[in-house]
Each structure stands twice: as structure tokens, then as C-alpha cells.
Amino acid sequence: MNYAFLLDWGKNNALTLVAVGITLVLIYHYVIERDKAVKLSKKYRNSIFEAQSRIFLNATQYLIEGNKDLAIKEFLNAVDLNRETIDTYFALGGLFRSNGEIEKAISIHRSLIARESISESTRLQALKELALDFDKGGFIDKAVETYKDVLKINRDQQDVIQSLCRIYEDIEDWDQAYNYRIMLSKVGHENQSETISHILVQKARTLFESGQFKACAEELEDAFRFAPSVSAKILRLRLFLVLGQMENAKSLLLELLKEHPMYATFIFGSMENFSNKLSQYEEYKARLQELKAYFLTLMDIDLMSSPSVVLSKIRLLKDQERTNDAFDLLDHWMKNHGHSDVLRVEYIKILIEVGKVQEALTQTKSLLNNLHSSLTRHYCSQCGYNSDDIFWRCPQCHNWETIQFRWKV
Ligand SMILES: [Zn+2]
């Protein structure tokens with residue numbers, strides 16, 4: 001007996017094995033139920049069983065021949081849907097979906113929905129499965145439509161609402177993303193305020209980028225009503241610059257840096273982005289320079305102990321070609337703190353620029369001894385996703401504000 005051959009055949013014919021399994025389940029139920037007192041006459045039950053077995057045997061035959069479509073049709077023709085066969089259908093549909101055979105999963109779930117003899121709860125379950133098929137298969141419009149159909153039957157479906165939230169956030173339809181987040185906050189127990197604030201900030205940012213500053217400010221106020229998220233504050237800071245409210249801008253910057261010093265480099269990076277097509281461009285740039293100058297004067301001890309704040313200052317000074325000032329600042333910092341690989345790299349660069357090559361070599365050596373394997377600046381605390389970019393919503397696990405910073409020894 002060639003067992004390797006059998007194994008190989010089993011791999012290629014997983015569906016056939018499933019079909020045989022289903023047939024066995026049916027026979028089992030037939031045997032168990034045969035002796036029970038049932039309303040149907042024995043003869044009638046026998047004929048149903050014969051019909052069912054014939055269908056499944058046919059299906060098995062088709063599968064062996066490799067004709068999966070006909071096989072499924074045979075499965076779906078099975079008469080006398082009872083609780084067990086329905087569960088089997090769901091199992092088979094799920095198997096097809098996880099196997100990437102979306103079309104087949106869809107046809108199974110559609111045929112279940114079309115059945116007249118099933119209960120409402122089974123129909124709802126089949127509709128949910130169908131939506132998952134569309135979702136997995138990338139048929140976004142159909143997935144959305146079907147998820148919504150499920151909600152029409154029963155609004156209290158947290159997982160379905162969550163799926164709609166994910167889809168709308170993926171395609172950046174922030175209006176709908178907002179609507180379904182609100183719905184989720186009513187159905188679920190988790191507080192959604194932070195996320196809703198983020199969504200409203202995304203909406204406001206789109207308005208900001210197209211120069212609709214009044215509408216942007218209104219959306220932003222809404223965002224603050226839900227939660228004063230970091231992203232909301234950064235956008236408000238940019239709005240202050242556009243409106244020329246410099247005192248507000250300065251105090252908000254200080255507040256932001258004290259609350260979240262690790263965002264310092266990102267704050268300045270994101271403020272640079274301003275479309276030169278907008279009429280406020282020149283004013284904005286001038287005011288940004290003023291804000292940067294203010295930032296360079298901040299010498300608060302707490303602030304200056306943050307590597308991110310120091311790095312932002314070093315970069316601003318280098319942009320202004322004040323290399324010696326940058327060196328003095330960093331030299332002082334390295335001698336008093338000195339526990340940041342990122343700043344050490346910056347320090348080595350400046351040491352070379354100011355001609356202190358020997359010191360640069362010493363620093364390089366100690367850097368190499370300390371260098372950790374982590375190469376990205378940020379990672380997701382939920383799923384470990386790595387990125388150099390700031391992400392408010394993790395592209396991998398879709399959670400909001402799970403970003404972590406790698407400022408380590
Ligand atoms: Zn993640």
C-alpha cells in the first residue's frame with residue numbers, strides 16, 4: 001500500500017474528504033433517528049435517506065472527478081434541511097471562504113438565504129456569512145450592502161457594525177465611518193470617544209488641505225467635544241497659524257509638547273505640509289518660522305529632557321545653518337543625559353561637521369556597542385506592526401492610537 005500516494009491524494013482532494021465526512025454524518029443521523037418515535041412513516045424516512053445519500057454520493061463522485069461546481073450544486077440540492085445539515089452547510093461555506101474559494105462560499109450562503117423552510121435566525125446567520133464572503137473576496141460595495149441588510153433585520157449586531165467601521169475607515173469615507181462609530185458606541189460597551197475624535201480630525205484635515213478653514217474649524221470643535229486627541233490638537237495648532245493667532249499657537253504648542261514630548265519631531269514635520277496653491281501660503285510659512293523661533297527659546301527642564309524635543313531643536317538649528325548652536329545644545333545634552341541612540345547618531349554627524357573627528361569615532365564605537373536590533377521608529381502595541389511613519393490608526397490591526405515610540409537606551 002502506497003501511503004505517500006494516499007496522503008498526496010488527500011491534500012489534493014480535501015473537499016472530497018469533506019463530502020465523504022458529510023455523508024457519514026448523514027448516515028449517523030439516519031441510524032440514530034431511525035429507531036426513535038417520529039411522525040414520519042418509516043417508509044417515507046427511508047426514501048428521504050435514500051435521496052439524500054444519492055445526492056451526497058453524486059456530489060462525492062463529482063468531487064473525485066474534480067468538478068467542484070457540480071458537486072456544490074448537488075450538495076445544495078439536498079432535501080430535508082434539518083438542524084444538522086444546516087450546520088454542515090455553514091461549516092462547508094466557512095471552509096470554502098477560508099480556502100479562498102469565495103464564489104463557492106457565496107453560492108452556498110445564497111442558497112441558504114433563498115430557502116423558504118429555514119428560521120429567521122438561520123437566515124440572518126446566512127446573510128452575515130454572505131457579507132463576510134464579499135468582504136473577504138474584496139467585493140466592498142456588496143459587502144457593505146449585505147452588512148447593512150443584516151442590520152435592517154437586527155440592529156444589535158456589534159461585529160457587523162465593527163466591520164462597517166473598518167471598511168469605511170479603510171476607504172476613508174469619514175462621514176460614514178463617523179455614523180457607524182456612533183452606532184457602535186450605542187451598541188457596544190467600549191468607549192468610542194477617542195476614535196470618533198480621530199475620525200472627525202481626518203474629516204477636518206481634508207477640509208484644511210483644500211483651504212476650507214471655516215468648515216475645518218467646525219469639524220475640529222466637534223472632535224474636541226468627543227476627546228482632545230493629539231491629532232486634534234496638532235490640527236488646531238495649524239489652524240491657529242492660518243488664522244494668525246500666534247499667542248494661541250504658542251501656548252498650544254507648549255501644552256502639546258508638555259503632554260506628549262515624543263511627538264515633537266512629528267508636530268514640526270506635519271506643520272511643514274501646506275499647499276502652495278493656497279493664498280495663505282506665504283503668511284503660513286512666515287508664521288511657522290515665528291513659531292519655530294519661539295520653540296527654540298523654550299528651555300524648560302522637563303521639555304529638554306525629552307530626546308524628541310532635543311532632536312527637533314537640533315534639526316531646526318541645522319535647517320537654519322546654525323551648526324555651532326546645534327553642537328553646543330547636543331554636546332551639553334549628551335554629557336548630561338546621553339541615553340538615546342537617535343541623538344547619538346545626530347551627535348556623531350554634528351561632531352564630523354564641526355571637525356571633531358576623533359570624538360566622532362569614540363561616539364561611533366559606543367553607539368555600535370549599544371545598537372539595538374530595532375530599526376523602525378514606531379510600532380503598534382497591539383499587533384507589533386513596525387513603521388517609521390506616524391500612524392493614528394494601525395494599518396495592520398486597524399486599532400486607533402496604539403502607536404508606541406522606540407526611544408530606548
Ligand atoms: Zn496594529
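Excluding ligands and nucleic acids, what accessible area in Å² is computed for Lys136 using a 1.4 Å probe, to the nearest 10?
120
Can you pull the semi-axes for region 117-211, root of five times each eigenvalue of the Cα gyration tensor, sorted largest first, whole Å?
28, 16, 9
For region 286-384, with every protein chain kept in place, what is the accessible area per residue (1.4 Å probe, Å²)?
Per residue, region 286-384 has 56 Å² of solvent-accessible surface.
Sorted by mean Cβ packing within 10 Å, highest first, what order do the peptides 93-102, 317-326 take?
Most protected by this proxy first, the peptides run 93-102, 317-326.
Find the percent of Cα-Cα distances in region 264-305 that exceed 13 Å, and round it to a whole number.
Working: 534 of 861 pairs.
Roughly 62 percent, rounded to a whole number.
Using 0.36 nm times the number of residues separating Glu194 and Ile352, minus their current alpha carbon distance, what extension gain do you get?
Extra length available between Glu194 and Ile352 comes to 52.4 nm.
Quick one: Karplus J couplings for region 115-125, per residue in order, coefficients 6.51, -1.76, 1.60, θ = phi - 60°, nearest Hz, x for Gly and Pro?
Using θ = phi - 60°, the values come out as 4, 7, 8, 9, 6, 4, 5, 5, 4, 4, 4 Hz.
State the percentage of accessible surface on region 221-366 attributable to carbon and sulfur atoms; use a 1.4 Å probe and exclude ligands, DNA and RNA.
That share works out to 51 percent.
With 20 Å as the cut-off, how large is the P(r) tail for region 263-372, expressed as percent of Cα-Cα pairs?
The answer is 45 percent, as a whole percent.
From the backbone phi of region 364-369, what are the Karplus-calculated ³J(HN,Hα) couplings (6.51 cos²θ - 1.76 cosθ + 1.60, θ = phi - 60°) in whole Hz, Gly and Pro given as x?
Each residue of region 364-369 in turn: 4, 4, 6, 5, 4, 5 Hz.
Would you mind checking which residues have amide H under 5 Å from Asn154's amide H? H placed 1.01 Å from N; only 5 or more apart, or other chain.
So Asn154 has HN proximity to no qualifying residue.
For region 105-236, what's the relative contact order in percent, using C-alpha pairs closer than 8 Å and at least 6 residues apart?
RCO, region 105-236: 15 percent.
If amide hydrogens are placed 1.01 Å from N in the peptide plane, which non-local residues have theirs closer than 5 Å to the one on Thr402?
Cys394
Ranked from highest to lowest mean number of other Cβ atoms within 10 Å per residue, what is the order of the peptides 263-269, 379-385? Before the final figure, lay out each step's value.
On the way: 263-269: 20.4, 379-385: 15.6.
In decreasing order of mean packing, 263-269, 379-385 become 263-269, 379-385.
Calculate one ³J(HN,Hα) per residue across region 303-309 by plugging θ = phi - 60° into the Karplus curve 6.51 cos²θ - 1.76 cosθ + 1.60, and present them in order as whole Hz with x for glycine and proline.
4, 6, 8, 8, x, 5, 5
Please report the accessible area of Met246 (heavy atoms, 1.4 Å probe, ligands and nucleic acids excluded) in Å², nearest 10.
Using a 1.4 Å probe on the heavy atoms, I get roughly 20 Å².
Taking amide hydrogens as modeled 1.01 Å from N in the peptide plane, which residues meet the under 5 Å criterion relative to Asp173, leaving out close sequence neighbours?
none
Taking only C-alpha pairs under 8 Å that are 6+ residues apart, what is the relative contact order of region 113-176 in percent?
On the way: 39 pairs, mean separation 15.0, N = 64.
23 percent.
The values are calculated or read from the model by the stated rules, or taken from the named source; none is laboratory data. What you see is a predicted model, and the numbers here were worked out from it, not measured in a lab. Cβ sites come from the backbone with ideal geometry, for glycine too, and all protein chains shown count toward neighbours. When the accessible area is computed, the model is the full protein with side chains, heavy atoms only, and any ligands, DNA or RNA have been set aside. Shrake-Rupley method; radii C 1.70, N 1.55, O 1.52, S 1.80 Å.
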